[in-house]
1. Kindly state, to the nearest 0.05, the FRET efficiency for R180 paired with L98, given R0 = 45 Å and r defined as their beta-carbon distance.
2. First select every other residue whose beta carbon is under 10 angstrom from the beta carbon of E105; then total the charges, Lys and Arg +1, Asp and Glu -1.
3. Quick query: amide H of N2 versus all other amide H atoms, modeled in the peptide plane; which residues come in under 5 Å with a sequence gap of 5 or more or a different chain?
4. Please give the solvent-accessible surface of L282 in Å², to the nearest 10, using a probe radius of 1.4 Å with every protein chain present.
5. For segment 214-258, what Kirkwood radius comes out of the mean inverse Cα-Cα distance, in Å?
6. Work out from phi, with θ = phi - 60° and the Karplus expression 6.51 cos²θ - 1.76 cosθ + 1.60, the ³J(HN,Hα) of each residue of segment 66-82, listed in order in whole Hz, and give x for Gly and Pro.
7. Give a residue-ordered list of calculated ³J(HN,Hα) values for segment 216-221 (Karplus: 6.51 cos²θ - 1.76 cosθ + 1.60, θ = phi - 60°; whole Hz; x for Gly, Pro).
8. Counting Lys and Arg as +1 and Asp and Glu as -1, what is the net charge of the other residues whose Cβ lies under 14 Å from the Cβ of A216?
Amino acid sequence: YNYLFANQAAIDHVGTTPDQVIGKNIRDGLGHVPEFMRLWMSRVDKVFETGEKLRVQDEQEMQGRQYYTDSILTPIRDTVGKVISVCVVYRDVTEIKLAEEALRESEKQLSVRNRIADIFLTIPDNEMYGEVLQVVLEAMESPYGTFAYIDENGDRFVPSMTRDIWDECKMPDKGIFFPRDTWGNALWARALREKKSFSSNGPFNIPDGHMPIGRALATPIIHKGESIGNLMVGDKPTDYSKKDIELLEAIADRIAPILHVRLLNERHEMKRKRAEEEKAELESRLQRAQKMEAMGLMAGGVAPDLN
């Protein structure tokens with residue numbers, strides 16, 4: 001088949017010139033993308049064979065850019081009904097497609113953020129971290145992950161360690177408390193120290209007994225310029241992308257102010273309990289001292305009688 005006509009928009013789209021296309025064999029027209037041309041030739045062949053109109057939507061790369069197109073292949077017949085040509089009309093719908101994807105991503109982020117806010121407001125402290133992590137893992141399409149916070153001493157505490165992860169990990173000294181001086185250069189440690197996301201699609205240097213990890217993404221939870229915790233997800237079936245990083249950072253931004261208040265309340269409650277315990281201990285000491293004093297006075301009063 002030969003190209004009979006191509007308008008200027010089509011010529012510009014594929015980055016060629018009319019004399020390189022018009023009258024040339026259709027199989028040679030876009031030789032710099034042979035896979036794409038083979039796909040299109042199979043479609044043209046199908047229209048010639050079936051005589052039926054065909055509509056297709058594609059994602060393709062042209063001249064270093066990603067395009068989305070909506071195309072219709074229409075058979076053209078002669079006076080006896082034989083298909084003698086195929087007219088291809090296509091639209092560049094890239095802007096529409098990107099806008100739709102951006103809207104879906106925005107709606108996804110909003111849904112995740114609202115679910116997490118509800119958990120913070122309604123779930124008890126001992127269950128909250130695990131519940132939030134489950135929402136994060138679902139959004140990130142990842143089977144493993146952690147939700148950690150930094151305690152008042154600057155150490156990392158991981159209350160969200162799920163039983164699946166705990167059971168699968170065979171490290172002899174595994175735990176959920178990580179003093180700052182033991183952090184090393186782990187992905188989550190770099191995220192906390194440098195206050196930015198880090199991702200890796202492997203390979204990883206992991207300790208003996210540690211569960212195998214193929215891919216990982218760590219994002220700090222930052223409040224007023226300080227890392228107060230972090231989210232980490234792992235082993236998504238495909239590599240973590242820029243969109244994944246943006247989504248996890250959006251979740252972390254949502255979590256930050258709520259987690260900050262939650263941590264302040266927890267620390268205030270701990271101080272209150274310690275103060276109450278100290279007060280109770282002092283009162284107990286005072287009572288013991290008063291008893292000893294009373295016994296001393298009583299003993300002093302009885303002594304002359306005994307003498």
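1. Details: r = 43 Å, r/R0 = 0.95.
Between R180 and L98 the formula returns 0.60.
2. Values: positive: R104, K108, K243; negative: E100, E101, E107, E246.
Taking every other residue near E105 into account, the sum is -1.
3. I26
4. Roll a 1.4 Å probe over it and L282 shows about 110 Å².
5. Details: mean 1/r = 0.0911 Å⁻¹.
Across segment 214-258, the inverse of the average 1/r is 11.0 Å.
6. 8, 10, 10, 10, 10, 10, 10, 9, 10, x, 10, 10, 8, 5, 9, x, 7
7. 8, 9, 10, 10, x, 9
8. Working: positive: R190, R215, K236; negative: E141, D235, D239, D244.
Around A216, the charge tally is -1.
The values are calculated or read from the model by the stated rules, or taken from the named source; none is laboratory data. Remember, predicted model here, so these are calculated numbers, not experimental data. So basically every Cβ, Gly included, is an ideal-geometry build from the backbone, and we count neighbours across all protein chains shown. SASA here: full protein model, heavy atoms, side chains in, ligands and nucleic acids out. Shrake-Rupley method; radii C 1.70, N 1.55, O 1.52, S 1.80 Å.
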